[in-house]
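The values are calculated or read from the model by the stated rules, or taken from the named source; none is laboratory data. These numbers come from a predicted model, not from an experiment. Cβ atoms come from the backbone with ideal geometry, glycine included; neighbour counts cover every protein chain shown. The area values use the complete protein model at the heavy-atom level, side chains included, leaving out ligands, DNA and RNA. Shrake-Rupley method; radii C 1.70, N 1.55, O 1.52, S 1.80 Å.
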Amino acid sequence: MSDDLVTLTVDGVEVSVPQGTLVVDAAKWIGNDIPVFCYHPKMEPVGMCRMCLVEIGIPVRDRETGEVALDENGEPQINFGRGLQTGCTVRVSEGMVVRTNTEPVYDAREAVIEFILTSHPLDCPICDKGGECPLQNLTMQHGKGETRMHFSDKKKLDKHVPLGELIYLDRERCIQCGRCVRYQDELVDDPVIHFHNRGRSLEIVTFSDPGFDSYWSGNTTDICPVGALTTADFRFGARPWELTPVASICPHCPVGCNTTMSTRREARSGGRSVIKRIMPRQNERVNEIWICDKGRFVHHFADSPQRLTQPLVREGNELVEVSWDEALDHIAGKLQQYKGSVAGLTGGRLSNEDYFQFQKLFRDGLKSHNLDLARRKLAGGDVVAKVGISSDSNLLDLGDGDAILVAASDLHEEAPVWWFRVKQATERGAKLVVLNLRPTRLDQYAAHAIHYPLGEALATVRQLVNLAKVETETAATNPLAAAAETLITANNLVAFYGSEGLSYDQTEVLARLLGNLLLVENGDGMSHAGRANNGLIPVWPHNNTQGAWDMGIHPALGPGYAPQAEPGLDAAAMYAGAADGSLQALYVAGADPVGDGLMADRGQLQFLVVQELFMTETAVQADVVLPAQSWAEREGTFTNGERRVQRYYPAIPVVGQSRADWQILAQIGERVGLGKPAFAASLVFRDLAKVVKPYAGMDYRSLAWTEKQWPDVGGEDMYYGGNAYDNRSGLGQQWAAAAEKGAVEPFDIPALDDTISTDLHLVHTAALYTPGTLIDQSAVLAPRVAQPTLYLHQEDAADQDVVDGEQVMVSVNERQVAATTHVNGHAPQGTALLRGVKDGIGGTAVIQISKIEVREKEPA
């Protein structure tokens, strides 16, 4: 038997578990469900509710020899002590005996349930939690069925208390288990809700402004064991048994959180099934059992009445409804007419199947390599293909002796679940190095937080890599040398990189520098690249930017990163070509370059096609507008930033006459000579897996593979892990980076001048709730949407003659943005940070600031 395993007996069943395991978890390993309310397997135990009381005995040992004493039958003597113990706080020991089904245990459970119900309302028939409520289930199992409490003695409390715009509290239902308070404090470090008062007046309150100010608030409703906490958009919306769960993937950021869409047919929706809520789906390698509030609340765009429902073709100054055949025939004819001067732009939220068909239409059908993402924000996909985080990696495995580097990224705003997992890794002992031009929320967990001046990002990282290559004696006095030593001596090294304050070309250099860091050999002659739990992770701006790179949405790289002999136009060249007339036709799918400030207007384009969910600013100017299906109406795959290909499923009926993006593109392809299109997304994936080498061997069946995960959540005992769904629909597959298969040559570092002038420069900073095509449709999140804010250093504010809270007009790259100033010392001197605005800037740019005159209203 392994030295790190402990063997004990639970109700006569022997089980071996790792040292340090709690009794309640050991019992769970063999399917023995000890009931709990306050305990949660992802949090530290507190033993508050007493529901987990069990009999625990330990072997009696001879005081002289230390050997286990035996009885007359030769069996170990067990001392059970005088009373019951909490199974959630006692850790297992060798030879321990646990009894969970004795009369004293049943009596204790009955007493705990009776005590909890003394002030709990009898409103199960109207409670949102009814049908998936741990208290309801455990009352049926252990409750008396009658009460000694007089109804008039019950405590009357407020039943509709908004803790913020997103979460409501029913104080009568709260059983003071503390799960929500502890989750916010221990796990996500947002202690914005607390216990207040004492005794029967104990209640949950929030003191933050705005209330419950956290990106993680929705998770508290999942782990609440009663109906005390509910979300604003689901409260009184449906009963759990009316809902149909459908597995999906979050479409908002590169983490690729596994989710479940709960749907229900509704009369007020004309008998259509609609999404009632988004819940986490367990994937311990991706998001564990958590999702951020953006992933939970932005789904309303799928059912929005503003969705496009019919193909539109421009006649004169108006877009008029036409049939699909008319629209597709018109597009095919025009694209062939302008075949020598046609280009395609996509957003980062389409599926792999969509991207594959998009590049196939252009490369094979129109013989054009003019393909790119509309917003060229982050480069390095080809570097990630070589030294990206290795397959079979899990950020949960990082701990003592390991290191994490985060460069030019604010993970809390860009990829919250990655921020959470990095934070958790540091608490397990991993060393964190943060490189950025300003402080972020990760700094407080970092062993080394280094802030470089604007324009010195690449020089700083280059110096870090050089220091990692040689032994240095300056680590004690040189912070960068100390950081390099931490990284190169780590057992495992994971490096995240973003684009804050950098241009697209600069992020390419950054990726190459970090790739070389991963290739540096340590004292044992080993590099980090290619080993499990090591590698590079790009913080892509969208959920499937990785898939776009893999499928060849790039002017110089085809599917699977195949180099193109004759590179096409990139996005910047397309915008210039549209403006001066050198580009005649442009096809835009899932992007809004006009609304994002990337294009002033359609310029001199002869033909513009937009394939979208909504009538965006770009669509308004188009010659043809095609209604696309949202991710909720179709099946497909996304590839997250860790290169895990994951499958999602259709949950609601098609809106209007909209079609899947890949289907639209395939039908146009048929009209330009590409042959009969595939009729299912699975067949498109089969085709792309033959062409895109990293995807070889994958299919929809292999992506649907699952295995048992720990902790065991989503079963009948919802009291143990909360209401997150277990994963029965696929854990995905992570494709292998080149370094896993053999040696990778160091990357060439092109000369790139990143120095800047001494003028005041603008840097766009991320905000999770930045306005956009999808989030703008979520009314429940509207109060939390980031407002345009300009952060200034005190000296810069004085130079510009502006004060805190003043309304100003920011002029940059021929674009003007109205914003409110915030002078709080967060911005480095010489740098203005702009938040809450769609990023059409990229890198840095000199800005001008002018005051907006605010006239007071004259009295009536």
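The requirement of being part of a loop (DSSP other than H, G, I, E, B) and over 25 Å from the mean Cα position of the chain (by Cα) is satisfied by GLY523. So which residues in segment 341-382 are open to solvent by 30 Å² or more (accessible area, probe 1.4 Å) and either part of a strand (DSSP E or B) or in contact (Cβ under 8 Å) with a residue 60 or more places away in the chain (or both)? Within segment 341-382, ARG349, LYS360, ASP364, HIS369, ARG375, ARG376, LYS377, ASP382 qualify.
Considering only residues that are touching a strand residue (DSSP E or B) at 6+ places or on another chain (Cβ under 9 Å), among the polar types (S, T, N, Q) and open to solvent by 10 Å² or more (accessible area, probe 1.4 Å), which ones fall in segment 270-327? Those that are touching a strand residue (DSSP E or B) at 6+ places or on another chain (Cβ under 9 Å), among the polar types (S, T, N, Q) and open to solvent by 10 Å² or more (accessible area, probe 1.4 Å): SER273, THR309, GLN310.
Taken over segment 545-579, the residue count meeting the criterion of being out of contact with any helix residue (DSSP H, G or I) (no Cβ under 7 Å at 6 or more places or on another chain), within 24 Å of MET599 (Cβ to Cβ) and in a loop (DSSP other than H, G, I, E, B) is 6.
Residues that are hydrophobic (A, V, I, L, M, F, W, C) and over 31 Å from the mean Cα position of the chain (by Cα) were ranked within segment 645-676; the one that is most open to solvent (accessible area, probe 1.4 Å) is LEU674.
Can you find a residue in segment 171-183 that is out of contact with any Cys (no Cβ under 7 Å at 6 or more places or on another chain), farther than 24 Å from VAL713 by Cβ and either open to solvent by less than 20 Å² (accessible area, probe 1.4 Å) or not acidic (Asp, Glu) (or both)? Within segment 171-183 (the criterion being out of contact with any Cys (no Cβ under 7 Å at 6 or more places or on another chain), farther than 24 Å from VAL713 by Cβ and either open to solvent by less than 20 Å² (accessible area, probe 1.4 Å) or not acidic (Asp, Glu) (or both)), the answer is yes, since at least one residue qualifies. Among residues of segment 230-246 being in contact with a strand residue (DSSP E or B) (Cβ under 6 Å, 6 or more places away or on another chain) and part of a strand (DSSP E or B), the one that is surrounded by the fewest Cβ atoms within 10 Å (Cβ to Cβ) is THR244.
Any idea how many residues of segment 91-104 are aliphatic (A, V, I, L, M) and surrounded by fewer than 20 Cβ atoms within 10 Å (Cβ to Cβ)?
1
At pLDDT 80 or above, buried (at least 18 other Cβ atoms within 10 Å of the Cβ), more than 30 Å from LYS386 (Cα to Cα) and more than 32 Å from the chain's Cα centre (by Cα): does that describe ILE849?
Yes; evaluated as a whole, the condition is true for this residue.
Taken together, LEU626, LEU583 contain a single residue that is farther than 21 Å from ASN352 by Cα, open to solvent by less than 10 Å² (accessible area, probe 1.4 Å) and either part of a loop (DSSP other than H, G, I, E, B) or out of contact with any Leu (no Cβ under 6 Å at 6 or more places or on another chain) (or both), which is LEU583.
Would it be correct to say that LEU335 is assigned to a loop (DSSP other than H, G, I, E, B), under 20 Å from GLY590 (Cα atoms), open to solvent by less than 50 Å² (accessible area, probe 1.4 Å) and touching a residue at least 40 places away in the same chain (Cβ under 8 Å)? No, not satisfied.
Here is a yes/no grid of residues against (1) closer than 30 Å to THR231 by Cα; (2) without any contact (Cβ under 8 Å) to a residue 60 or more places away in the chain; (3) touching a Ser or Thr at 6+ places or on another chain (Cβ under 7 Å):
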site	(1), (2), (3)
VAL780	yes, no, no
ASP801	no, yes, no
GLN807	no, yes, yes
VAL812	no, yes, no
VAL817	no, yes, no
THR831	no, no, no
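Residue count for segment 597-620 satisfying the condition of being closer than 24 Å to VAL655 by Cβ, among the acidic types (Asp, Glu) and open to solvent by 10 Å² or more (accessible area, probe 1.4 Å): 1. Screening segment 114-139 for residues that are more than 37 Å from the chain's Cα centre (by Cα) and not in a loop (DSSP other than H, G, I, E, B) and picking the one that is nearest to SER262 (Cα to Cα) gives LEU117.
Here the condition is being closer than 28 Å to ILE775 by Cα, modelled with pLDDT under 90 and open to solvent by less than 10 Å² (accessible area, probe 1.4 Å); of VAL808, VAL812, it holds for VAL812 alone. Restricting attention to segment 685-699, the residues that are in contact (Cβ under 8 Å) with a residue 60 or more places away in the chain, surrounded by 18 or more Cβ atoms within 10 Å (Cβ to Cβ) and not in a loop (DSSP other than H, G, I, E, B) add up to 4. Highlighted here are the strands (runs of 3 or more DSSP E) found entirely within segment 776-836 that include at least 1 residues which are under 22 Å from GLU456 (Cα atoms): 789-792, 807-812, 831-835.
Yes or no, residue by residue, for (1) open to solvent by 60 Å² or more (accessible area, probe 1.4 Å); (2) under 25 Å from the mean Cα position of the chain (by Cα); (3) free of Cβ contacts under 8 Å to residues at least 60 places away in the same chain:
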{"residue": "ALA678", "(1), (2), (3)": "no, no, yes"}
{"residue": "LEU683", "(1), (2), (3)": "no, no, yes"}
{"residue": "ALA704", "(1), (2), (3)": "no, yes, yes"}
{"residue": "GLY722", "(1), (2), (3)": "no, yes, no"}
{"residue": "ASP726", "(1), (2), (3)": "no, yes, no"}
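Every residue, every condition in (1) at pLDDT below 95; (2) touching a helix residue (DSSP H, G or I) at 6+ places or on another chain (Cβ under 7 Å); (3) part of a loop (DSSP other than H, G, I, E, B), yes or no:
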| residue | (1), (2), (3) |
| --- | --- |
| SER16 | no, no, no |
| ALA27 | no, no, no |
| CYS38 | no, yes, yes |
| PRO45 | no, no, yes |
| ILE56 | no, yes, no |
| ARG63 | yes, no, yes |
| ASP107 | no, no, no |
